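For reference, the structure I am asking about is given below.
The values are calculated or read from the model by the stated rules, or taken from the named source; none is laboratory data. Computed from a prediction, not measured in an experiment: that's the story for all the values here. Cβ sites come from the backbone with ideal geometry, for glycine too, and all protein chains shown count toward neighbours. Accessible surface is based on the protein model in full, side chains and every heavy atom, while ligands, DNA and RNA are left aside. Shrake-Rupley method; radii C 1.70, N 1.55, O 1.52, S 1.80 Å.
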Amino acid sequence: MTAPGSDQDLRLRIAGELERARSRSTLLTEVVDETELMRQHSPIMSPLVWDLAHVGNQEELWLVRDVGGREPVRRDIDDLYDAFKQPRKDRPALPLLRPDEARGYLTTVRSKVLDLLDGIRFDGSRLVAEGFAFGMIVQHEQQHDETMLATHQLRVGPAALSAPPPPAAAVSVSGEVRVPGSRFTVGTSTDPWALDNERPAHVVDVPEFFIDAAPVTNREYLAFMADGGYDDERWWSGPGWDHRREAGLTAPLHWRHDGVEWGYVRFGRYAPLIMEEPVVHVCFYEAEAYAAWAGKRLPTEVEWEKAARWDPSTGRSRRYPWGDADPTPEHANLGQRHLAPAPVGAYPTGASPLGVHQLIGDVWEWTSSGFEGYPGFVAFPYQEYSEVFFGNSYRMLRGGSFGTDRSACRGTFRNWDLPIRRQIFSGFRCARDPRPEETGA
Ligand code: AVJ
Ligand code: FE
């Protein structure tokens, strides 16, 4: 039973989170003009105005209609904004709401949501218990905001977004960390806003492994390139090599060589590479090839999660590398506060007890694992969030990027994409098995 006082605390927290997500969506869609909002900047992305109205439509479906039991606002547009009915490449040709219509629609839906939130009790169905449906919708909007940020990165034209640079390195971080073998609790059954694929908590035996203390940097990745890594089939998996050839990959997405040095175009501005920054915009196959070249491998999802959550003093799994407290700007580079990953060593406060840095924020990290439900998985509240993606060629990413909001990121959070994708803010770190002489050291 939830006490009335804490119901009110939760209502206020939800209203604050909804507002924070909406101001971000507003920013991302007010810095470019109407034509830019309607245009498709890449065949694998939606027009920004589709993401915007889709966010409002999901909020209407789950909160206005389902939780609130209210009359539909715009039942006629449900199909247009159903991601499964409308392939991305077809979205620009749909009779989409124009930008002001979409904004008006979002405002109408939101006012109904705030009205039903006022006075709601969180002890009813599983959907509303602990505010889950609201948390799911907050995370959904923030996830689309990150997608819209990736669309901005793909957009050609003058810069529209700006932000202060990330903090400089405060400590020097390099090498690997040994993670002793032990039983470890993966996932969660108690985190109220955890999504279905993070559940239930279950214990696995994780043998000893080593993991990089920081994500792979531009400097390290350039050494792989300079050593002919992109032209040496030995480092690539079969499908990885096929893709590397067909797509003509020679460097991470958005990198440019000006004849003298490598740089990147970031949100419409060119800059020379910052060497100690984690490499970003690499696909799974590039990460896998780098790891092979380095004599290592990618971590499994479970290894990554153990590095991020395991407390060696108690054996307990925590929410974040630094403990259970929500991220602050001192812990991690999240939430589009900066428009780039921070150099390695910039977040000592966010390190794990074993000394693994920048697991949360900066870049999503590719792991070697495919997408499966945990033992005892139950789709909730709909199969299309996770279950329909199980068992395909997706690869899991962990930890969140500089473009991920703190509400959509935690030690248990699971993200996935196709192994060829690199428009997302994706990087990686390596892991390896212990050498015979190191075992049980
Ligand atoms: C979990 C990021 C892969 O963007 O496709 C958004 C999140 N699901 N709307 C995606 C999502 C439905 C999803 N990812
Ligand atoms: Fe969506």
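Go through segment 137-166 and give me each residue that's within 18 Å of residue 399 (Cβ to Cβ) and of a type outside the set (Ser, Thr, Tyr).
Residues satisfying the conditions are 139, 142, 143, 145, 146, 149, 150, 166.
Another question about this same structure. Anything in segment 345-374 that is over 28 Å from residue 419 (Cα atoms) and β-branched (Val, Ile, Thr)? List them, or say none.
Listed by number, the list holds a single entry, 349.
Of the residues that sit in segment 242-255 and are of a type outside the set (Lys, Arg) and in contact with a Phe, Trp or Tyr (Cβ under 8 Å, 6 or more places away or on another chain), which one is farthest from residue 294 (Cα to Cα)?
Only one residue fits best here, namely 254.
Could you tell me whether any residue of segment 210-224 is of a type in the set (Val, Ile, Thr), touching a residue at least 40 places away in the same chain (Cβ under 8 Å) and either in contact with a Gly (Cβ under 8 Å, 6 or more places away or on another chain) or over 15 Å from residue 429 (Cβ atoms) (or both)?
yes
If you don't mind, another one. Under the condition of being within 19 Å of the chain's Cα centre (by Cα) and not hydrophobic (A, V, I, L, M, F, W, C), which residue from segment 1-22 is nearest to residue 133 (Cα to Cα)?
Restricting to residues being within 19 Å of the chain's Cα centre (by Cα) and not hydrophobic (A, V, I, L, M, F, W, C), the top hit is 17.
Determine, yes or no, whether residue 139 is open to solvent by less than 20 Å² (accessible area, probe 1.4 Å), farther than 30 Å from residue 438 by Cα, within 16 Å of ligand 2 (Cβ to nearest atom) and not charged (D, E, K, R).
The answer is yes for residue 139.
Regarding residue 119, is this residue more than 16 Å from ligand 2 (Cβ to nearest atom), more than 22 Å from the chain's Cα centre (by Cα) and surrounded by fewer than 13 Cβ atoms within 10 Å (Cβ to Cβ)?
yes
Filter segment 302-323 for residues that are surrounded by 12 or more Cβ atoms within 10 Å (Cβ to Cβ) and part of a loop (DSSP other than H, G, I, E, B) and give the result.
Once the filter is applied, which keeps residues that are surrounded by 12 or more Cβ atoms within 10 Å (Cβ to Cβ) and part of a loop (DSSP other than H, G, I, E, B), segment 302-323 yields 311, 312, 316, 318, 319, 321, 322.
Hey, any hits in segment 30-46 for a residue that's free of Cβ contacts under 8 Å to residues at least 40 places away in the same chain and in a helix (DSSP H, G or I)?
Yes, there is a match, as at least one residue in segment 30-46 is free of Cβ contacts under 8 Å to residues at least 40 places away in the same chain and in a helix (DSSP H, G or I).
Only residues in segment 136-147 that are part of a helix (DSSP H, G or I) and of a type outside the set (Gly, Ala, Ser) count as the first member; pair them with residues that are near ligand 2 (Cβ under 10 Å from one of its atoms) and open to solvent by 10 Å² or more (accessible area, probe 1.4 Å), Cβ under 6 angstrom, at least 6 apart or cross-chain, and list the lot.
140/58
Tally the residues that are closer than 15 Å to residue 364 by Cα and either in contact with an Asp or Glu (Cβ under 9 Å, 6 or more places away or on another chain) or of a type in the set (Ser, Thr, Tyr) (or both), restricting the search to segment 298-314.
Number satisfying all stated conditions: 4.
From 91, 74, which residue is surrounded by 12 or more Cβ atoms within 10 Å (Cβ to Cβ), basic (Lys, Arg) and within 16 Å of ligand 1 (Cβ to nearest atom)?
Unique residue meeting the criteria: 91.
Only residues that are open to solvent by less than 30 Å² (accessible area, probe 1.4 Å) and more than 26 Å from the chain's Cα centre (by Cα): list them for segment 38-67, please.
Once the filter is applied, which keeps residues that are open to solvent by less than 30 Å² (accessible area, probe 1.4 Å) and more than 26 Å from the chain's Cα centre (by Cα), segment 38-67 yields only 64.
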